[in-house]
Amino acid sequence: MKILVIGSGGREHAIIYSILKSGRDVVLYCAPGNGGISDNAKIVNIKYDDIDGLLNFSLSEKIDLTVVGPEVPLSLGIADKFLHSGLKIFGPGKKAALLESSKQFTKEFLKRNNIKTADYRSFNDFENAYAYVQSKLHPIVIKASGLAAGKGVFIPQNIIESKDYLDLIFNKKIFGESGETVVIEDYLEGFELSYMIASDGKTYKPLATSMDYKKAYDGDKGENTGGMGSISPHPFLSADLEEKIKKNIIEPVLSALKNEGIVYKGILYAGLMIKGDDIYVLEFNVRFGDPETQSILIRLKSDIVGLFESCINGTLDDYNLEFDDEQAVCLVLSSAGYPGKYEKGFEISFGEYEKYFHYGADNLGYMDKDKDIYIFHAGTKKIDDKYFTDGGRVLNICSKNKDLKTAADNIYNAAGAIQFKNKYYRQDIGIISIIKS
Ligand code: AMP
Ligand code: GLY
């Protein structure tokens, strides 16, 4: 079976790891992949937003299954195009992808379906937006409506900061077209939770729960990033709360999508804020979260290829989705400066940890059973058998254990030993006492 994975991050490397672990007889391709992925899959040099290029490749190579990692190809309608050409693809169509690619669409969708979300207004120009923030208490939340790689949300503490952010978006156009519309919403307090489900258009199954550390610095300080680490399961998700999330958010959303003519096949990720008894939707993603997926997939016991197939074929009801009961942690090693400007092109030295990512059919990456360490590559490239930094988020070090502290100690030992210039990582991933505000 030929499988193409689209994307180039740690999430895609973790998906590839899970496919290899499934034990299926597969030929794996990845477009465009990264340095570590090139050890496990054939690299296809087509960018993930080149939909026609990917389609032509898949048709000529007779790809049996395509799995889409990032949101951009989904928002460009890759799933519709592949299906139209008779190719199997895991991920929702363009209309469903609006749940991620347009925050304005999502806010309207939630409001008209009476699903809880922060009160908001949307704006297309600086003057009206600025007049609005002047009338509001701060902090407040300013969001570029379009895709911004997890960096399009600002939480100004006062009107001066609000003005600066609106100026950056509307006048300096830092997000280009993605910032043409801005959603301004009330600031919610509480604790955050990422909840992901797989859907086949008829039924759904929850993935293991997880929590993402979104801020750049320790103690959840600094700018929002794509995510600096994750843990699974989520430490504050009781069975009771999970039931409420299903009944108040997931099921109403899936049935509203159906009523609006959208058959949702793929992963739906709900970013939620829990405030007392209330559950608010902060955002949706129409794909696996990154780096939550890395923590979740190292706990997956079932065959991930079967999960993709059952969602595509509408047979999810018959598929048994199981996770182990260990505590998983994922730490992002980044290039200092991320999510802002950073330098790249520095050689990475893995030392004794090099062995952990050379997994193939008979070596699945966790060579030391006691430590259960997994190293997924995110922003790396490989030249002449050496690995170099090639992005803001460089490597993901993951581990799992019955005891979260042991898993966290394992990843921090590895984080200290792996070297590259300008290495930066948070020191508090997996230390849960500081999370609940
Ligand atoms: P989003 O991309 O919409 O999930 O926003 C990114 C991050 O900004 C979230 O994970 C929260 O930490 C924060 N955030 C977004 N909306 C709100 C809100 N209404 N109140 C408080 N924090 C928010
Ligand atoms: N970690 C958040 C995201 O994948 O968007």
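The values are calculated or read from the model by the stated rules, or taken from the named source; none is laboratory data. This structure is a prediction, so every number in the text was calculated from the model and none was measured. For neighbour counting, all protein chains shown are included, and Cβ atoms are generated from backbone atoms with ideal geometry for every residue, glycine included.
Can you tell me which residue among Gly271, Gly276 is over 22 Å from Lys103 (Cβ atoms), at pLDDT below 95 and either charged (D, E, K, R) or within 15 Å of ligand 1 (Cβ to nearest atom) (or both)? Working first, answer last.
Numbers: Gly271 fails: over 22 Å from Lys103 (Cβ atoms).
One residue alone meets the criteria, Gly276.
Considering only residues of region 4-63 that are in a helix (DSSP H, G or I) and of a type in the set (Val, Ile, Thr), which is surrounded by the fewest Cβ atoms within 10 Å (Cβ to Cβ)?
Only one residue fits best here, namely Ile51.
Using the structure shown, decide if Lys111 is out of contact with any helix residue (DSSP H, G or I) (no Cβ under 9 Å at 6 or more places or on another chain), part of a helix (DSSP H, G or I), surrounded by fewer than 20 Cβ atoms within 10 Å (Cβ to Cβ) and among the basic types (Lys, Arg).
Numbers: out of contact with any helix residue (DSSP H, G or I) (no Cβ under 9 Å at 6 or more places or on another chain): yes; part of a helix (DSSP H, G or I): yes; surrounded by fewer than 20 Cβ atoms within 10 Å (Cβ to Cβ): yes; among the basic types (Lys, Arg): yes.
So Lys111 fits the description; yes.
Please enumerate the residues belonging to region 291-340 that are under 30 Å from Ile63 (Cα atoms) and among the charged types (D, E, K, R).
Result: Glu292, Arg299, Lys301, Asp303, Glu309, Asp317, Asp318, Glu322.
Going residue by residue through region 149-164, is there one that turns out to be within 16 Å of ligand 2 (Cβ to nearest atom), within 19 Å of the chain's Cα centre (by Cα), surrounded by fewer than 16 Cβ atoms within 10 Å (Cβ to Cβ) and not in a strand (DSSP E or B)?
Within region 149-164, one or more residues are within 16 Å of ligand 2 (Cβ to nearest atom), within 19 Å of the chain's Cα centre (by Cα), surrounded by fewer than 16 Cβ atoms within 10 Å (Cβ to Cβ) and not in a strand (DSSP E or B).
Just checking, how many residues over region 80-108 are more than 26 Å from Glu177 (Cα to Cα) and charged (D, E, K, R)?
Final tally of qualifying residues: 1.
What single numbered condition from (1) under 26 Å from Asp403 (Cα atoms); (2) in contact with a strand residue (DSSP E or B) (Cβ under 7 Å, 6 or more places away or on another chain) fails to hold for Tyr269?
(1) is the only condition that Tyr269 fails.
Identify the single condition in (1) more than 19 Å from the chain's Cα centre (by Cα); (2) within 16 Å of ligand 2 (Cβ to nearest atom) that Ser238 does not satisfy, given that it satisfies every other one.
(2)
I'd like the residue in region 114-148 that is part of a helix (DSSP H, G or I) and of a type outside the set (Phe, Trp, Tyr) and, out of all such residues, is farthest from ligand 1 (Cβ to nearest atom). Steps first, answer last, please.
Taking region 114-148 and keeping what is part of a helix (DSSP H, G or I), we get 126-134.
If we keep only those that are of a type outside the set (Phe, Trp, Tyr) as well, we get 127-129, 131, 133-134.
Numbers: Glu127: 23, Asn128: 20, Ala129: 16, Ala131: 20, Val133: 14, Gln134: 19 Å.
This residue is Glu127.
Regarding Ile279, is this residue closer than 26 Å to Ile6 by Cβ and among the hydrophobic types (A, V, I, L, M, F, W, C)?
On the way: closer than 26 Å to Ile6 by Cβ: no; among the hydrophobic types (A, V, I, L, M, F, W, C): yes.
For Ile279, the condition - closer than 26 Å to Ile6 by Cβ and among the hydrophobic types (A, V, I, L, M, F, W, C) - is not met.
Taking Glu322 as meeting all but one of (1) away from ligand 1 (no atom under 16 Å from the Cβ); (2) surrounded by 17 or more Cβ atoms within 10 Å (Cβ to Cβ), write down the number of the exception.
With respect to (1) away from ligand 1 (no atom under 16 Å from the Cβ); (2) surrounded by 17 or more Cβ atoms within 10 Å (Cβ to Cβ), Glu322 is out only on (2).
So which residues in region 324-337 are in contact with a Ser or Thr (Cβ under 8 Å, 6 or more places away or on another chain) and either modelled with pLDDT under 95 or away from ligand 2 (no atom under 16 Å from the Cβ) (or both)?
Of everything in region 324-337, those that are in contact with a Ser or Thr (Cβ under 8 Å, 6 or more places away or on another chain) and either modelled with pLDDT under 95 or away from ligand 2 (no atom under 16 Å from the Cβ) (or both) turn out to be Gln327, Ser335.
Quickly run through region 204-218 and pick out the residues that are touching a residue at least 40 places away in the same chain (Cβ under 8 Å) and crowded, with 16+ Cβ neighbours inside 10 Å. Working first, answer last.
The initial filter retains those residues of region 204-218 that are touching a residue at least 40 places away in the same chain (Cβ under 8 Å), namely 204-208, 210-214, 216-218.
Within region 204-218, Tyr204, Lys205, Leu207, Ala208, Ser210, Met211, Asp212, Tyr213, Lys214, Ala216, Asp218 meet the criteria.
Could you look through region 219-234, keep only residues that are among the charged types (D, E, K, R) and part of a strand (DSSP E or B), and pick out the one that is surrounded by the fewest Cβ atoms within 10 Å (Cβ to Cβ)?
Step one: list which residues in region 219-234 are among the charged types (D, E, K, R), which gives 220-221, 223.
Pick out the ones that are also part of a strand (DSSP E or B) and you get 221, 223.
Values: Lys221: 9, Glu223: 15.
Among them, the one singled out is Lys221.
Residue-wise test of (1) within 16 Å of ligand 2 (Cβ to nearest atom); (2) of a type in the set (A, V, I, L, M, F, W, C).
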| residue | (1), (2) |
| --- | --- |
| Ser145 | yes, no |
| Asp167 | no, no |
| Asn171 | no, no |
| Ile174 | no, yes |
| Asp186 | no, no |
| Met196 | yes, yes |
| Leu207 | yes, yes |
| Lys215 | yes, no |
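Can you pull out the residues in region 184-218 that are away from ligand 1 (no atom under 14 Å from the Cβ), not basic (Lys, Arg) and not in a strand (DSSP E or B)?
Listed by number, the residues that qualify are Gly201, Thr203, Leu207, Ala208, Thr209, Asp218.
Is at least one residue of region 78-88 under 21 Å from the mean Cα position of the chain (by Cα) and either assigned to a helix (DSSP H, G or I) or within 16 Å of ligand 1 (Cβ to nearest atom) (or both)?
Within region 78-88, the subset under 21 Å from the mean Cα position of the chain (by Cα) is 78-79.
Among the residues that remain, those that are also either assigned to a helix (DSSP H, G or I) or within 16 Å of ligand 1 (Cβ to nearest atom) (or both) are: 78-79.
So far as region 78-88 goes, yes, one or more of its residues are under 21 Å from the mean Cα position of the chain (by Cα) and either assigned to a helix (DSSP H, G or I) or within 16 Å of ligand 1 (Cβ to nearest atom) (or both).
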